[in-house]
Amino acid sequence: RHDALFVVGSLDETLELRGLRYHPIDIETSVGENLKNIYTSVRTSDYYAQQAVVVAINHTCFYSAVFTWTNLLVVVVELSGSEQEALDLVPLVTNVVLKEHHLIVGVVVIVDPGVIPINSRGEKQRMHLRDSFLADQLDPIYVAYN
């Protein structure tokens, strides 16, 4: 028997997709943890390749936020890396969300660190992020429409 209560956020912050409600924090946590695990699980016998992996881990952020836009799930991921790394990140994000939550990502937006707005309490401002996305003010590294 499991007696537990998990508070994952306000009901008005939930996303409604295909008639079901999802908490953004669940999807964001899955994206962050899985991408971190993918980068850290890369092993190789080549010393220089190992150093490149360590550099990639140290210089990569996996801070993310999600919102909906015209019945599409939009995932925004902060990345301090090159455009090629952003291109490599898109299928990883899409696969993680599909595998963990059985949702199809409509848009993946890769942005520089610090773009996702945070309030003074450290909470993500998803609606401000959504408004910036719709007003084309994010200046993304890469945007993929699936």
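Sorting ILE25, ILE104, ILE141, ILE110 by solvent-accessible area of protein heavy atoms yields ILE104, ILE25, ILE141, ILE110, largest first, with a 1.4 Å probe.
For ASP139 and THR14, the difference between the fully extended length at 0.36 nm per residue and the C-alpha to C-alpha distance is 42.4 nm.
Along segment 109-118 the Karplus relation, 6.51 cos²θ - 1.76 cosθ + 1.60 evaluated at θ = phi - 60°, assigns HN-Hα couplings of 10, 9, 10, 6, x, x, 7, 5, x, 10 Hz to successive residues, with x for each Gly and Pro.
Remark: spin-label model distance ILE25-THR68 equals 2.0 nm, labels positioned 7 Å along the Cα→Cβ axis.
Computed about its Cα centre, the charge dipole of segment 59-131 is approximately 340 debye, with only Lys, Arg, Asp and Glu carrying charge at their Cβ. For LYS99, the solvent-accessible surface computed with a 1.4 Å probe is close to 150 Å², ligands and nucleic acids excluded. Computed FRET efficiency, Cβ-Cβ of ARG121 and GLN84, R0 25 Å: what is it to the nearest 0.05? So the FRET efficiency works out to roughly 0.10.
Subtracting the Cα-Cα distance of LEU92 and LEU5 from their residue separation scaled by 0.36 nm leaves 28.2 nm.
Divide the volume of the convex hull around the Cα atoms of segment 81-146 by the residue count and you get 104 Å³ per residue.
The values are calculated or read from the model by the stated rules, or taken from the named source; none is laboratory data. In this text, all values refer to a predicted model and were calculated from it rather than measured experimentally. Don't worry about glycine lacking a Cβ; one is built from the backbone with ideal geometry, like all the others, and counts go over all protein chains shown. Areas reflect the complete protein model, heavy atoms only, side chains present, ligands, DNA and RNA absent. Shrake-Rupley method; radii C 1.70, N 1.55, O 1.52, S 1.80 Å.
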